[in-house]
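Novice: Please read through the structure below; I'll follow up with questions.
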Amino acid sequence: MKWKTTSMQNKVIGIFGGTFDPVHLGHLHVALSVCNTLKLSEVRLIPSAQPLLRDAPSATAEQRLAMVKLAIAPHERLIADDREIRRGGSSYMVDTLTEIRAEVGENVPLCCMLSADQFSQFEQWKDWQHILDLAHLVVTTRAGYKFSYSRAVKKLVKQHQCKDFQLLHQSSAGLILFQSLIPLQISGTQIRALIQQGRYDEAKTFLPPLVWEYIQETKLYR
Ligand code: ATP
């Protein structure tokens with residue numbers, strides 16, 4: 001095993017990648033719930049430059065990053081991390097985790113957060129079998145999605161699953177924790193569609209107020 005057992009760490013970092021087109025209350029709910037429940041010291045929201053396994057975003061990378069910065073402003077332990085946008089090109093989580101691991105050293109636990117819909121595609125992530133050498137995985141529930149995964153991923157779960165979040169603080173990588181969240185049926189797709197249809201009052205209810213102001217000012221998604 002390549003990951004290191006650590007003494008109880010003060011710093012435990014959550015890594016939350018996404019398209020954030022736009023960042024919405026569903027994302028904040030995931031970031032804040034996981035941060036509080038698992039007692040993480042911070043969660044980094046990392047907008048992808050060019051996301052894989054989905055359509056190209058509607059907003060530019062700079063606009064998506066600007067919205068993430070506005071969304072996290074009131075929340076002390078949430079951080080906007082622009083490394084994938086600075087790196088450019090296709091955004092692979094394994095590259096992002098490799099960079100962060102090199103920066104924080106081998107002792108700091110990293111928790112890569114992904115929801116049930118993402119986990120069902122986990123086998124399509126670049127170097128997916130290497131990810132647990134770099135970080136833990138925290139797999140969260142998402143309204144409307146069931147956990148489904150291939151035989152290979154099932155085997156990985158069997159080998160690495162842990163049920164006690166405190167274990168994530170005691171080693172720097174290598175565990176998989178499933179975390180149930182109160183379901184919030186919100187998606188970027190739904191918000192973009194509502195705005196395009198002129199249903200602004202409905203779209204607004206799914207967004208942090210500053211993000212809604214930004215969308216109005218820039219006339220995004222119309
Ligand atoms: P889109 O509809 O444009 O595909 P999205 O709302 O799914 O966007 P992403 O930026 O693709 O947002 O998501 C980043 C991560 O957040 C993913 O792991 C996704 O599953 C998760 N996520 C997004 N919305 C929710 C939600 N309402 N509840 C739980 N997880 C969510």
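Novice: Right, Lys154: basic (Lys, Arg) and modelled with pLDDT of 95 or more or not? Spell out the reasoning first.
Specialist: On the way: basic (Lys, Arg): yes; modelled with pLDDT of 95 or more: no.
No: the conditions fail for Lys154.
Novice: Considering only helices (runs of 4 or more DSSP H) fully contained in the stretch 157-222, which possess at least 1 residues that are in contact with a Lys or Arg (Cβ under 6 Å, 6 or more places away or on another chain)? Full working, then the answer.
Specialist: On the way: elements: 188-196, 200-204, 209-218.
Once the helices (runs of 4 or more DSSP H) in the stretch 157-222 are filtered for at least 1 residues that are in contact with a Lys or Arg (Cβ under 6 Å, 6 or more places away or on another chain), what remains is 209-218.
Novice: Could you list, in sequence order, the residues of the stretch 36-48 that are within 13 Å of the ligand (Cβ to nearest atom) and either in a loop (DSSP other than H, G, I, E, B) or on the phi > 0 side of the Ramachandran plot (or both)?
Specialist: Once the filter is applied, which keeps residues that are within 13 Å of the ligand (Cβ to nearest atom) and either in a loop (DSSP other than H, G, I, E, B) or on the phi > 0 side of the Ramachandran plot (or both), the stretch 36-48 yields only Ser48.
Novice: Something else: Counting only residues that are free of Cβ contacts under 8 Å to residues at least 24 places away in the same chain and assigned to a helix (DSSP H, G or I), how many does the stretch 96-117 have?
Specialist: Filtering the stretch 96-117 for residues free of Cβ contacts under 8 Å to residues at least 24 places away in the same chain gives 99, 102-103, 105.
Pick out the ones that are also assigned to a helix (DSSP H, G or I) and you get 99, 102-103.
Residues in the stretch 96-117 being free of Cβ contacts under 8 Å to residues at least 24 places away in the same chain and assigned to a helix (DSSP H, G or I): 3 in total.
Novice: I would also like to ask the following. Collect the residues in the stretch 167-204 that are away from the ligand (no atom under 16 Å from the Cβ) and in contact (Cβ under 8 Å) with a residue 60 or more places away in the chain, keeping them in residue-number order.
Specialist: Scanning the stretch 167-204 gives Leu168, His169, Gln170, Ser171, Ser172, Ala173, Gly174.
Novice: Name the residue that is nearest to Arg151 (Cα to Cα), counting only residues in the stretch 79-129 that are crowded, with 20+ Cβ neighbours inside 10 Å and acidic (Asp, Glu).
Specialist: Glu84
Novice: If you don't mind, there's one more thing I want to ask. Report every pair of residues separated by at least 6 positions or lying on different chains whose Cβ atoms are under 8 Å apart, first residue within the stretch 118-134 and part of a helix (DSSP H, G or I), second at pLDDT below 95 and of a type in the set (D, E, K, R).
Specialist: Asp133/Lys2
Novice: Let me ask another. Any residue at all in the stretch 80-95 that's among the polar types (S, T, N, Q), in a strand (DSSP E or B) and at pLDDT below 95? Spell out how you get there, then give the answer.
Specialist: Taking the stretch 80-95 and keeping what is among the polar types (S, T, N, Q), we get 90-91.
Then keep just the ones that are in a strand (DSSP E or B); that gives 90.
When the remaining residues are screened for being at pLDDT below 95, the result is 90.
Yes, the stretch 80-95 contains at least one residue that is among the polar types (S, T, N, Q), in a strand (DSSP E or B) and at pLDDT below 95.
Novice: Does Pro47 satisfy the condition of being closer than 27 Å to Arg222 by Cβ, in contact with a Ser or Thr (Cβ under 9 Å, 6 or more places away or on another chain) and at pLDDT 95 or above?
Specialist: In short, yes.
Novice: Report, by residue number, each residue of the stretch 130-143 that is buried (at least 20 other Cβ atoms within 10 Å of the Cβ) and within 13 Å of the ligand (Cβ to nearest atom). Working first, answer last.
Specialist: If we filter the stretch 130-143 for residues that are buried (at least 20 other Cβ atoms within 10 Å of the Cβ), which is where we start, we get 131-132, 134-140, 142.
Those that are buried (at least 20 other Cβ atoms within 10 Å of the Cβ) and within 13 Å of the ligand (Cβ to nearest atom): Leu137, Val138, Val139, Thr140, Arg142.
Novice: Restricting the search to the stretch 49-68, which residues are part of a helix (DSSP H, G or I) and crowded, with 18+ Cβ neighbours inside 10 Å? Break it down stepwise before answering.
Specialist: Just the residues of the stretch 49-68 that are part of a helix (DSSP H, G or I), to begin with: 61-68.
Ala61, Gln63, Arg64, Leu65, Ala66, Met67, Val68 - these are the residues of the stretch 49-68 that are part of a helix (DSSP H, G or I) and crowded, with 18+ Cβ neighbours inside 10 Å.
The values are calculated or read from the model by the stated rules, or taken from the named source; none is laboratory data. As the structure is a prediction and not an experimental result, all values here were calculated from the model. Positions of Cβ are backbone-derived with ideal geometry, glycine not excepted, and every protein chain shown enters the neighbour counts.
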